[in-house]
Amino acid sequence: MRFRLRSLLVVVTGCCLALGLWISWPQHTARRFERLLRAGELDRIQSMLAAGDVAGPPITMTIDAGYDFTIEPRGSTLSDYALGRRRYTLKTPYGWCEFTAQQGRLVELRDRYFYGGVEFVTVF
């Protein structure tokens, strides 16, 4: 009986730790993206992007001009937690970029930037 109880506790503890890591993975990805953006490492940022995505003007202009920026999390749904993803918004003086951090990658980039008072939206 003691062996079963100990085994059950070990399994439950392991599952709780794994679930905590799964849920916090997107947050760690967004923090890594923020560190790379502050360091100006466009090549490493590009390697974080999902296949087919490219770093658009809000990202490249922020790196080139050294703009200050913020990364804000957006609301999450139950399916986001189940899939290990979270949506974020990168806000810069030049524009903003909405992205989803999922399993160590930045996916679903949507750039919104301004040029001469006109808003451009780019979806990759």
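Considering segment 27-43 alone, what residues qualify as being among the small types (Gly, Ala, Ser) and buried (at least 16 other Cβ atoms within 10 Å of the Cβ)?
Keep residues of segment 27-43 that are among the small types (Gly, Ala, Ser), which gives 30, 39-40.
Answer for segment 27-43, where residues must be among the small types (Gly, Ala, Ser) and buried (at least 16 other Cβ atoms within 10 Å of the Cβ): just Ala30.
Within the group Tyr115, Tyr94, which residue is at pLDDT below 80, of a type in the set (Phe, Trp, Tyr), more than 13 Å from the chain's Cα centre (by Cα) and open to solvent by 50 Å² or more (accessible area, probe 1.4 Å)?
Details: Tyr94 fails: open to solvent by 50 Å² or more (accessible area, probe 1.4 Å).
Testing whether each residue is at pLDDT below 80, of a type in the set (Phe, Trp, Tyr), more than 13 Å from the chain's Cα centre (by Cα) and open to solvent by 50 Å² or more (accessible area, probe 1.4 Å) leaves just Tyr115.
With in a helix (DSSP H, G or I), open to solvent by less than 70 Å² (accessible area, probe 1.4 Å) and at pLDDT 80 or above as the only criterion, which of Ser7, Ser76 stands out? Before you say what the answer is, go through the steps one by one.
Values: Ser76 fails: in a helix (DSSP H, G or I).
One residue alone meets the criteria, Ser7.
I'd like to know if segment 49-60 contains one or more residues that are open to solvent by 30 Å² or more (accessible area, probe 1.4 Å), at pLDDT 75 or above and within 19 Å of His28 (Cβ to Cβ).
Filtering segment 49-60 down to residues open to solvent by 30 Å² or more (accessible area, probe 1.4 Å) leaves 51-52, 54, 57, 60.
Adding the requirement that they be at pLDDT 75 or above leaves none.
No - not one qualifying residue is present in segment 49-60.
The values are calculated or read from the model by the stated rules, or taken from the named source; none is laboratory data. Here the structure is a predicted model, which means the values were calculated and not measured. Note that we place each Cβ from the backbone using ideal geometry, even for glycine, and neighbour counts take in every protein chain shown. For accessibility, only protein heavy atoms count, side chains too; no ligands or nucleic acids. Shrake-Rupley method; radii C 1.70, N 1.55, O 1.52, S 1.80 Å.
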